[in-house]
Amino acid sequence: MMQQALNDRIGLSASKQERPVPTQSSRPRPQGRITPMRRAIALLLQHPELGGLPDLSLGWQALSSPGVTLLKDLLETTAAHAEITTAALVERQPDPQARAQLAKLAVLNLGAIDDAAEQFRGTLAALSKEQRLQERQALLEKSRSTSLSDQEKQRLRELYAADHGQTDDS
């Protein structure tokens, strides 16, 4: 009522009244760039059916990175329980801090509408590539101080071939 009286005095019509500025919490925040591991976990949380996809990339499980164990557990759970929901996945986490982080990832805007499966496969492939790079760097570092065994040399060749799209058949 007071606002109306003030508007009448200064000559503002109801259509020209300024709308209240949204508070900081009501504005959508830009999501920024997240790590491939967090992206994979977020995609799986938001689309639990992805855990049942065939032919998912392997190798990322050996990655020395935070979140590997959690992603493995989530994949096992979603594969074993095809009808599990996002909320159930989050609530299964026994640690309250981890549960809070999962809840944030569950609502993170990833831009995955119709291509969540392709994004998930691509993210796992990127994690697998990261693992091969870590393993290759570890072998190269070891080769600087000691000689590599025949198995390690062979593995190093395989890692280089995998990253350059070559196979032993070529």
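The values are calculated or read from the model by the stated rules, or taken from the named source; none is laboratory data. Since we're looking at a predicted model, the values are computed, not measured. We place every Cβ from the backbone using ideal geometry, glycine too, and count neighbours over all the protein chains shown. For accessibility, only protein heavy atoms count, side chains too; no ligands or nucleic acids. Shrake-Rupley method; radii C 1.70, N 1.55, O 1.52, S 1.80 Å.
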At residue 91 and residue 149, where each label point lies 7 Å from the Cα along Cα→Cβ, what is the point-to-point distance in nanometres? 4.9
Dividing the alpha-carbon Rg of segment 22-147 by 2.2 N^0.38 Å yields what? 1.21
For segment 90-161, what does the accessible surface come to per residue with a 1.4 Å probe? Please give it in Å². 64
Can you give the Rg to Rh ratio for segment 29-78, taking only C-alpha atoms and Rh from Kirkwood? 0.98
Given segment 52-108, what whole percent of its Cα pairs are spread farther than 16 Å? 49
Which of the aspartates and glutamates could a cross-linker bridge to residue 104, judged by Cα under 20 Å and excluding same-chain residues fewer than eight apart? 49, 73, 91, 95
